[in-house]
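**Q** One structure, as structure tokens, below. Some questions next.
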Amino acid sequence: MSKLLKLVAIALVFTYLTLSSFAIAKKTYEKQEPPRELTLEQAATAAANYQKYCVLCHGENREGHKNDHAPSLRAKSLFESGVPHSILRPISYGREGTAMGGYLDEMGGPMTLDEVWDLTYWLFWQSGAERVKLSENPVDGDIVRGEQVYQDNCASCHGINGEGVNAPALGNQSALAHNKDEFIRYAIENGRQDTPMLAFDDKLSAADIDNVTAFLRSKASGWKAEKVVLRALPTPDQYILNPDNDDPDFNLDQGMYVSSKDLYQALLDKKKMVLLDTRVASVWQRAHIEGAIPFPYYTELEGHLKDLPKDVQIVGYCSCPRAATEYVIKQLRELGYKKTAVLYEGIFGWMNFGYPVMRAEGIVDDKEEASLH
């Protein structure tokens, strides 16, 4: 055989092997029985809970990305592979380090466990998906190779370190702890319909999908769930900070926003004000600016305004970084609360500047933990 024919033969073999690896990338999954159907009453309550608690970030039609890159809740691939626990757990416990708080009452949220289950199943039935069976076994892969594939194909949206840029944070350790390996693999393979997340079954080999899955799973090591000890909620007589002192003299940007720097100085100067934490109350329990009262964005204002003074400067904050608080403050302004402001950077920005927060018992920052040893 001539040298040229040998080269052609080698090229054909390489092409065949490459195409074969792509051809088997998409696995065949066995169908799973659907979950229980909701009664009319359960479905109505779940739909109302979605409108009350989820629309702000996930959108009226579950399309996602209304605020804080909250994912779509109507992609069939999500509900094919994620029901119940990959949906139930983030609703219940939130995603630590993101704007997604826990909505289960045990975490300080507004819903019972039955209501969380019903919302999970309501989302499933709205999606029109059919459940598939996923293995509980780990997905084996080359972590080093997986990191390279991740950086080449995923980092532009999900971040170099999985922190999320314009897509969910894949390096979030609570998410990794809640999701099985095949759930992650299924998402890479099948994408998320009606979102920028494409299916990679025809772009990556089966081996490389395994490799990326293994790389992402490797980022979950060391995470442990913390039991939050719920603290007592502030009473109305505690709402006003430094009630005998002067109001702060904020120069509000666009007539709405106060900077973390100016708010911190006002707190140091012990100015009179009310701080509203407009996130779900479970994340107020985990960490909040000292003196802030939980005032979730879904609060029914009627019945709460009698304890909220109109003649005191009110500053609200959230982690969106501003969407939830803007929603609350605009309502308050329409009701005559003119001395109101929004913390521009949100609580994550506040913390990134190094300004202090009150934390739940037993929860410490990595830096604090290191200083204890």
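The values are calculated or read from the model by the stated rules, or taken from the named source; none is laboratory data. Quick caveat: nothing in here was measured; it's all calculated off a predicted structure. Cβ coordinates were reconstructed from backbone atoms using ideal geometry, including for glycine residues, and neighbour counts include every protein chain displayed. We work out accessible area using only protein heavy atoms, side chains counted, and drop any ligands, DNA or RNA first. Shrake-Rupley method; radii C 1.70, N 1.55, O 1.52, S 1.80 Å.
**Q** Given 192, 231, 185, 217, which one is in contact with a strand residue (DSSP E or B) (Cβ under 9 Å, 6 or more places away or on another chain) and among the basic types (Lys, Arg)? Break it down into steps so the answer makes sense when it comes.
**A** On the way: 192 fails: in contact with a strand residue (DSSP E or B) (Cβ under 9 Å, 6 or more places away or on another chain); 185 fails: in contact with a strand residue (DSSP E or B) (Cβ under 9 Å, 6 or more places away or on another chain); 217 fails: in contact with a strand residue (DSSP E or B) (Cβ under 9 Å, 6 or more places away or on another chain).
On inspection, the qualifying residue turns out to be 231.
**Q** Give the residue, chosen from 360, 324, 341, that is modelled with pLDDT under 90, of a type in the set (Gly, Ala, Ser) and within 26 Å of residue 67 (Cβ to Cβ). Steps first, please.
**A** Values: 324 fails: modelled with pLDDT under 90; 341 fails: modelled with pLDDT under 90.
Matching residue, one of 360, 324, 341: 360.
**Q** If you go through segment 276-284 one residue at a time, do you hit one that is aromatic (Phe, Trp, Tyr), touching a Leu at 6+ places or on another chain (Cβ under 7 Å) and either closer than 14 Å to residue 233 by Cα or modelled with pLDDT under 95 (or both)? Steps first, answer last, please.
**A** First, pick out the residues of segment 276-284 that are aromatic (Phe, Trp, Tyr): 284.
Narrowing further to those that are touching a Leu at 6+ places or on another chain (Cβ under 7 Å): none.
No, the conditions are met nowhere in segment 276-284.
**Q** For segment 192-213, how many residues are crowded, with 20+ Cβ neighbours inside 10 Å and among the basic types (Lys, Arg)?
**A** Number satisfying all stated conditions: 1.
**Q** Inside segment 192-222, can you point out the residues that are of a type in the set (Asp, Glu) and in a loop (DSSP other than H, G, I, E, B)?
**A** Taking segment 192-222 first, the residues of a type in the set (Asp, Glu) are 194, 201-202, 208, 210.
Within segment 192-222, 194, 201, 202 meet the criteria.
**Q** Separate question: Enumerate the helices (runs of 4 or more DSSP H) found wholly within segment 81-191, keeping only those where 3 or more residues are more than 17 Å from the chain's Cα centre (by Cα) and surrounded by fewer than 21 Cβ atoms within 10 Å (Cβ to Cβ).
**A** Numbers: elements: 85-93, 113-127, 143-153, 155-158, 173-178, 181-190.
Filter on segment 81-191 gives 113-127, 143-153.
**Q** Output the helices (runs of 4 or more DSSP H) that fall wholly within segment 1-73 and possess 1 or more residues being open to solvent by less than 100 Å² (accessible area, probe 1.4 Å) and at pLDDT below 95, or say none. So that I can check it myself, show each step before the final result.
**A** Working: elements: 3-23, 40-53, 55-58.
Answer list for segment 1-73: 3-23, 55-58.
**Q** Test residue 78 against the stated conditions and say whether it is among the hydrophobic types (A, V, I, L, M, F, W, C) and part of a loop (DSSP other than H, G, I, E, B).
**A** Working: among the hydrophobic types (A, V, I, L, M, F, W, C): yes; part of a loop (DSSP other than H, G, I, E, B): no.
So residue 78 does not fit the description; no.
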